[in-house]
Amino acid sequence: KTKIAYSTQLLELQKEPPFQLYYILPKAPSRPTGLAFGRVEHNHPLLQTIAPERTRVFCLVSLMGFCGAVPPTNNSEDFLDFVEEVCSTNPQHSALWTALRDASPIGKIAHLKLGSNLRRNFNNLPPRVLPLGDCIASFNPVYGQGMATACSSVQCLEFALQQDSSLKNWELIQSSFWSTVLPTVDQAWYLAVSHDLRFPGVEMHPQCNVSTNPMAWLRLKFMQVYTKGVYHSLSSAGIAKLWLPVIHLVSSPVAVLHPFLLLSCFVSLCKAPFSKQ
């Protein structure tokens, strides 16, 4: 149970920001808050009735809170105060706050609450029934894995159906589907859960407990240590370029063993005890 909350607001900026996207991820275990900034293009349907002249600058900002931390839901001043608080955690984020501090809110704040990451096990499904996307597993949206796993499960379904074009041998079709979809879901699941479990108060459902499975337990513990080192290094463009495709399931999980990532992870873990952040 992660107790995730999101608040999203459309904002009009005073001038063009120096970036198109900006993420500040929650930092375990001390800071359960973060945000995501995204520039909204002029041809986006969202702006067709608001700014048809295409001279104004807009962005979407999503605030996030874990473990019961809830971002503002209905007050734009509180929304920007929350942004300032998150940006103040690191001087590197000053450029983001400079871009947002004089922004004007457009419309209402959209709010979303999620109780947890969720994964389902399916046994003895009837013929011609296979789950896809969020039906198999749903994740904390901050990692950007929901659409990726949904698309991957559709590709796995296509592959499985090709194993028997007559669609009569459903035992073969289901076996082919699960053998291809589960590795992708496992990759997304361990990447998301390993980081979330580093926050105090986050609990794993008894049915998902890996303590009885030594290999699963070792994999989870390795990912917890590894992601801790990587997230300490994400301010480096080189690290982000290697790590984010893995999180978004574009690159193989083998990419986490890239020497540059391994070295950065090791250095970050060695520096962590002496860091004030």
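Miscellaneous remarks
- Of all residues in the stretch 1-36, those satisfying the criterion of being under 18 Å from the mean Cα position of the chain (by Cα) and of a type in the set (A, V, I, L, M) are ILE4, ALA5, LEU21, ILE24, LEU25, ALA28, LEU35, ALA36.
- Restricting the first member to the stretch 1-15 and to residues that are under 30 Å from ALA28 (Cβ atoms), and the second to residues that are of a type in the set (Asp, Glu) and open to solvent by less than 40 Å² (accessible area, probe 1.4 Å), the beta-carbon pairs closer than 8 Å and six or more apart or on different chains are THR2/ASP196.
- Selection from the stretch 176-197 of residues that are open to solvent by 20 Å² or more (accessible area, probe 1.4 Å), in contact with a helix residue (DSSP H, G or I) (Cβ under 8 Å, 6 or more places away or on another chain) and either free of Cβ contacts under 8 Å to residues at least 40 places away in the same chain or farther than 24 Å from ARG219 by Cα (or both): THR180, TYR190, LEU197
- Candidate set: the stretch 212-264, residues that are more than 24 Å from ASN90 (Cβ to Cβ) and hydroxyl-bearing (Ser, Thr, Tyr); chosen: the one surrounded by the most Cβ atoms within 10 Å (Cβ to Cβ): SER251
- Hey, VAL154 without any contact (Cβ under 8 Å) to a residue 60 or more places away in the chain, over 14 Å from PRO127 (Cβ atoms) and part of a helix (DSSP H, G or I) or not: yes
- Here ASN124 clears all of (1) part of a loop (DSSP other than H, G, I, E, B); (2) at negative phi; (3) modelled with pLDDT under 85 except the condition numbered (2).
- Qualifying residue in the stretch 106-115 (condition: assigned to a strand (DSSP E or B) and modelled with pLDDT under 85): yes
- Tabulated pairs, the stretch 128-145, first closer than 26 Å to LEU35 by Cβ and in contact (Cβ under 8 Å) with a residue 12 or more places away in the chain, second part of a loop (DSSP other than H, G, I, E, B) and open to solvent by less than 10 Å² (accessible area, probe 1.4 Å), C-beta under 7 angstrom, 6+ apart or interchain: PHE139/GLN145; ASN140/THR2
- Criterion violated by GLN155 - all others in (1) open to solvent by less than 30 Å² (accessible area, probe 1.4 Å); (2) modelled with pLDDT of 90 or more satisfied: (1)
Per-residue answers, yes or no, for (1) open to solvent by 30 Å² or more (accessible area, probe 1.4 Å); (2) modelled with pLDDT of 80 or more:
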| site | (1), (2) |
| --- | --- |
| LYS27 | yes, yes |
| PRO32 | yes, yes |
| ALA36 | no, yes |
| VAL40 | no, yes |
| HIS44 | yes, no |
| THR49 | yes, no |
| VAL61 | no, yes |
| VAL70 | yes, yes |
| ASN75 | yes, yes |
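- Condition met for PRO131 (in contact with an Asp or Glu (Cβ under 8 Å, 6 or more places away or on another chain), surrounded by 13 or more Cβ atoms within 10 Å (Cβ to Cβ) and not in a helix (DSSP H, G or I)): no
- Residue within the stretch 49-65 that is touching a Ser or Thr at 6+ places or on another chain (Cβ under 6 Å) and among the polar types (S, T, N, Q) present: yes
- Among residues of the stretch 81-109 that are over 13 Å from ILE24 (Cα atoms), those with a Cβ under 9 angstrom from a residue that is of a type in the set (D, E, K, R) and open to solvent by less than 50 Å² (accessible area, probe 1.4 Å), sequence gap 6+ or separate chain, pair up as ALA103/GLU12; SER104/GLU12; PRO105/GLU12; ILE106/GLU12.
- The numbered conditions (1) closer than 23 Å to VAL250 by Cβ; (2) open to solvent by less than 50 Å² (accessible area, probe 1.4 Å); (3) of a type in the set (Val, Ile, Thr) are all true for ILE109 except (1).
The values are calculated or read from the model by the stated rules, or taken from the named source; none is laboratory data. Worth saying up front: this structure is predicted, and the values here are computed from it rather than measured. Note that each Cβ is placed from the backbone with ideal geometry, even for glycine, and that neighbours are counted across all protein chains shown. Ligands, DNA and RNA are excluded from the accessible area calculation, which covers all protein heavy atoms including side chains. Shrake-Rupley method; radii C 1.70, N 1.55, O 1.52, S 1.80 Å.
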